[in-house]
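The values are calculated or read from the model by the stated rules, or taken from the named source; none is laboratory data. Predicted model only: the values in this text are computed from it and were never measured. Virtual Cβ from ideal backbone geometry, glycine too; neighbours counted across all protein chains shown. The accessibility values were calculated without ligands, DNA or RNA, using every heavy atom of the protein model including side chains. Shrake-Rupley method; radii C 1.70, N 1.55, O 1.52, S 1.80 Å.
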Amino acid sequence: MEGAEWLEEVPEDTTVEKLKERCLKHCLPGSLEDPKTVTHHKLIHATSEKVLTDTKTVLEENIQDRDVLLLVKKRAPTLLPKMSDVVAEEKRKQEQKAPDKDAILKATANLPARSVDRSVTHHNMRDFQTELRKILVSLIEVAQKLLALNPDAVELFKKANAMLDEDEEDRVDEIALRQLTEMGFPESRAVKALRLNHMSVTQAMEWLIEHADDPSVDAPLPGSAPAEAPAEGAASSAEAAAGPSSEEGGEEAKDELTEIFKKIRRKREFRPDPRAVIALMEMGFDEKEVVDALRVNNNQQNAACEWLLGDRKPSPEDLDKGIDTNSPLFQAILENPVVQLGLTNPKTLLAFEDMLENPLNSTQWMNDPETGPVMLQISRIFQTLNRT
């Protein structure tokens, strides 16, 4: 902004261009010697923020006495690129462009043909998932023994246990719930609808309308566990002060740590996908076998259905079996320095427990800066030994 002018006694038939010249003469003496100065500036009505048109009059622009106008220099127009620069840029893009199908075929024409058996690849991936579960079961036992030796283990796991109390999956979006209840839906139904529809208000509302006359609309979600009473001794966990002797204190800490491990495992219990449970139960399977199928197949509905219709292997009991601790694979994992360090971190144990019962959370732990390196080493060791 280069100036402002209070307008007084300006004839109504004065054009905006003439008015601009008057402002320039007042604000920038001598600037009118360059004829381009007028076209390089514009007048803006301060109140309405409207850019005034040069060819219109004061009357047409509805400019009143004592209105404030802003004299602003226009931005210099962007210079068009030179043709040589445009050509050079296009050439650079072409050089960096990925090869098309014909170019790839031409470049690989003399390479020997190889056929990849996708079923074998899929089978190997499934073998890794099955073996990983066994590895986790055995590593959890090792981690618990190592962490029990840590004098600060009880306090560390108390904090971890408190963190699990804030599990987001058990909470309901309060804003979404309020929106549904304000529409007139009962709160219990609204909670159920939101959990079934991943907290989407729109989908939850559609579900509520669709199931308004369903006699089972108020039934609890399949697979939802009733609230458990506090574990025995949990109330006294806060009284972990040192006893009369270090030996007794050590025993108390060990017992308390065992209780915390139990509570953590209960909170990390497998949670079946409610939609998948309902869909499979509608096919005639009972709830227990449906939950077992989803647990074996990582909450994948189609795979669970195939398991129910097939030989039902592996069985749910097989999931709790660990790997042979004397096997070369497990020994190689335990000898890895990154894994050894990770096993002394309570967060690693929590990650193992979580992946054991909720395998779909593996990606979250793989990306974690503390647990990710441990999982990466386990995967690398498995792949290396399976190639030999």
TODO: State which entries of 192/288; 20/50; 192/321; 42/82; 18/73; 192/313 exceed 25 angstrom in Cα-Cα distance in the structure shown.
DONE: 192/321; 42/82; 192/313
Task: Relative frequency of Cα-Cα separations exceeding 16 Å in the range 16-73, percent - done: 38
Task: Span per principal axis, largest first, for the Cα atoms of the range 278-388 (Å) - done: 50, 29, 21
- [ ] Give me the distance between the Cα centres of the range 317-388 and the range 29-58, rounded to whole Å.
- [x] 72
- [ ] Express in nm, to one decimal, how much length is gained between residue 315 and residue 344 on full extension, taking 0.36 nm for each residue of separation and deducting their alpha carbon distance.
- [x] 7.3 nm
Open item on the list: Heavy atoms of the protein only, probe of 1.4 Å, neighbouring chains included. What is the accessible area of residue 288 in Å², nearest 10?
Closed with: 140
TODO: Using label points projected 7 Å from each Cα along Cα→Cβ, tell me how many nm separate residue 12 and residue 105, to one decimal.
DONE: 7.8
- [ ] Rounded to whole Å and sorted largest first, list the principal axis extents of the Cα atoms in the range 274-318.
- [x] 26, 17, 17
Open item on the list: Modelling each spin label as a point 7 Å along the Cα-to-Cβ direction, I'd like the residue 188/residue 36 distance in nm, to one decimal.
Closed with: 8.0
TODO: Work the Kirkwood hydrodynamic radius out for the range 167-211: mean of 1/r over every pair of different alpha-carbon atoms, inverted, in Å.
DONE: 10.1
